[in-house]
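**Student:** Here it is, the structure, as structure tokens.
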Amino acid sequence: MQDTRHLRIHVEQPMDPSPTATTNEQQQQSQQLPYQAGDIATILPSNPAHLVSRFLSVLPPSIQSIADTPIRIQQRKQKSHSNFQESSLNHPWPERCTLRGLLTHCADIQSLPEREDLYSLSVYCNQNHPQGKDQRDKLISLSETSGAALYGDYIIREKRNWVDLFYDFDAVRWEGSGTSGDVALMTISHLLTMLPSITPRHFSIASSPSYMVRQTAALESKEGFDVELCVAVVDHILERNGAVYIAGGSKMARAVREEIVEALGSVLEGGEGDAKKLLNKLKRKGMFSIEAWS
């Protein structure tokens, strides 16, 4: 059902000994790793440089030209109805960065655009482009409920991400000769409003805290510690009718289930909605089970 990888990652963070420990032996025994049994490790992935460069190349020239220029992003705020505290309305973009840096570390340009994203993008198709009207109409058609099958064929089955989308619909980046009416309609503000942010990935920790403390002390490491992850890549659940069993801490189990839903949702026509239905079906058959404890 799945391909499992055992990974070891070194975290550059000092482990401070207890202030009451006096001897070296007591200090080594008092050192504590910042995780316990049942905890999960959260990793924020990034996009490869070649993909970021390709995405920049299919953006309007006016946006390409400022790819490496420092910019300041001011988040819009809204009042929370529950506690009247201000909260970010859009994505958690950094306040100061370059566009290239944001596309590398923050924006999920490898994700599959949703139907509403296609409709939003249709607004920026330049009508002075030779195929501008046709491309706008196609994006609108793909975004409608009646075009669900077309969306499934174009986005889901072909796994077209944001880079592919901007490449195919070049009326979005078209600026013509720069005369009136030929400038790109999309600005960097519009772009950052549309793009989704990268979702952190959660993995169960496979290493024993006490064992890793002893190993770290034996290696006389003064800065950082190692953590071992058991990374399971879901595969062939659909083709091989595989079963899924999750056991561990409740936080870990919930995070693993969310990752499975996301992975299945990327290949099923109905997205994460169909993925959840599939897991419920497997659960009724006894092929999906979670045994978790707090």
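The values are calculated or read from the model by the stated rules, or taken from the named source; none is laboratory data. For clarity, every value in this text was computed on a predicted model and none was experimentally measured. Positions of Cβ are backbone-derived with ideal geometry, glycine not excepted, and every protein chain shown enters the neighbour counts. With ligands, DNA and RNA removed, areas are computed over all heavy atoms of the protein, side chains included. Shrake-Rupley method; radii C 1.70, N 1.55, O 1.52, S 1.80 Å.
**Student:** Kindly provide the set of residues from the stretch 122-133 that are part of a helix (DSSP H, G or I) and out of contact with any Ser or Thr (no Cβ under 9 Å at 6 or more places or on another chain), ordered by number. Spell out how you get there, then give the answer.
**Tutor:** So in the stretch 122-133, the residues part of a helix (DSSP H, G or I) come out as 122, 132-133.
Correct list: GLY132, LYS133.
**Student:** Testing ARG201 on (1) open to solvent by 70 Å² or more (accessible area, probe 1.4 Å); (2) at pLDDT 75 or above; (3) among the charged types (D, E, K, R), one condition comes back false. Which one is that?
**Tutor:** Going through (1) open to solvent by 70 Å² or more (accessible area, probe 1.4 Å); (2) at pLDDT 75 or above; (3) among the charged types (D, E, K, R) one by one, ARG201 breaks only (1).
**Student:** Being at pLDDT 90 or above, closer than 27 Å to GLY101 by Cα, among the charged types (D, E, K, R) and in contact with a strand residue (DSSP E or B) (Cβ under 8 Å, 6 or more places away or on another chain), is that true of even one residue in the stretch 73-83?
**Tutor:** Let us first name the residues in the stretch 73-83 that are at pLDDT 90 or above, namely 73.
Now drop any that are not closer than 27 Å to GLY101 by Cα, which leaves 73.
From the residues that got through so far, the ones that are among the charged types (D, E, K, R) too are none.
No - not one qualifying residue is present in the stretch 73-83.
**Student:** If you don't mind, there's one more thing I want to ask. What residue, among those in the stretch 97-113 that are over 11 Å from the mean Cα position of the chain (by Cα) and among the β-branched types (Val, Ile, Thr), is surrounded by the most Cβ atoms within 10 Å (Cβ to Cβ)?
**Tutor:** Per the criteria, the residue is THR104.
**Student:** For LEU44, only one of the following conditions fails: (1) in contact with a helix residue (DSSP H, G or I) (Cβ under 8 Å, 6 or more places away or on another chain); (2) open to solvent by 60 Å² or more (accessible area, probe 1.4 Å); (3) at pLDDT below 70. What is its number?
**Tutor:** Among (1) in contact with a helix residue (DSSP H, G or I) (Cβ under 8 Å, 6 or more places away or on another chain); (2) open to solvent by 60 Å² or more (accessible area, probe 1.4 Å); (3) at pLDDT below 70, LEU44 violates only (3).
**Student:** Identify all residues within the stretch 95-113 that are farther than 11 Å from LEU165 by Cβ, touching a residue at least 40 places away in the same chain (Cβ under 8 Å) and not basic (Lys, Arg); write none if there are none.
**Tutor:** Of everything in the stretch 95-113, those that are farther than 11 Å from LEU165 by Cβ, touching a residue at least 40 places away in the same chain (Cβ under 8 Å) and not basic (Lys, Arg) turn out to be LEU99, LEU102, LEU103, THR104, HIS105, CYS106, ALA107, ASP108, GLN110.
**Student:** Out of everything in the stretch 238-293 that is part of a loop (DSSP other than H, G, I, E, B) and among the basic types (Lys, Arg), what residue ends up being nearest to LYS159 (Cα to Cα)? Break it down into steps so the answer makes sense when it comes.
**Tutor:** Of the residues in the stretch 238-293, the ones part of a loop (DSSP other than H, G, I, E, B) are 238-243, 266-270, 285-287.
Those left that are additionally among the basic types (Lys, Arg): 240, 285.
Values: ARG240: 21, LYS285: 30 Å.
Ranking the qualifying residues of the stretch 238-293, first place goes to ARG240.
**Student:** While we're here: Report the residue count in the stretch 256-294 for those that are in contact with a helix residue (DSSP H, G or I) (Cβ under 6 Å, 6 or more places away or on another chain), without any contact (Cβ under 8 Å) to a residue 12 or more places away in the chain and not small (Gly, Ala, Ser).
**Tutor:** Selection size over the stretch 256-294: 1.
**Student:** Can you tell me which residue is farthest from SER111 (Cα to Cα) among those in the stretch 262-289 that are in contact with a strand residue (DSSP E or B) (Cβ under 9 Å, 6 or more places away or on another chain) and among the basic types (Lys, Arg)?
**Tutor:** LYS283
**Student:** Then there's this: When the residues of the stretch 130-147 are filtered to those that are within 10 Å of ARG115 (Cβ to Cβ) and among the small types (Gly, Ala, Ser), which remaining residue is least open to solvent (accessible area, probe 1.4 Å)?
**Tutor:** Filtering the stretch 130-147 for residues that are within 10 Å of ARG115 (Cβ to Cβ) and among the small types (Gly, Ala, Ser), the one least open to solvent (accessible area, probe 1.4 Å) comes out as GLY147.
**Student:** Go through the stretch 147-206 and count every residue that is over 21 Å from the mean Cα position of the chain (by Cα) and at positive phi.
**Tutor:** Of the residues in that region, 3 qualify.
**Student:** Only residues that are in contact with a helix residue (DSSP H, G or I) (Cβ under 8 Å, 6 or more places away or on another chain) and open to solvent by 50 Å² or more (accessible area, probe 1.4 Å): list them for the stretch 47-60, please.
**Tutor:** Of all residues in the stretch 47-60, those in contact with a helix residue (DSSP H, G or I) (Cβ under 8 Å, 6 or more places away or on another chain) come to 47, 49, 51-52, 54-60.
Within the stretch 47-60, ALA49, ARG54, SER57 meet the criteria.
**Student:** Considering the stretch 244-294 alone, what residues qualify as being modelled with pLDDT under 75 and basic (Lys, Arg)?
**Tutor:** Hit for the stretch 244-294 is LYS251, nothing else.
**Student:** Step by step: first the residues of the stretch 148-162, then only those that are free of Cβ contacts under 8 Å to residues at least 12 places away in the same chain and of a type outside the set (A, V, I, L, M, F, W, C), then the one that is surrounded by the most Cβ atoms within 10 Å (Cβ to Cβ). Which residue is that?
**Tutor:** Per the criteria, the residue is ASP153.
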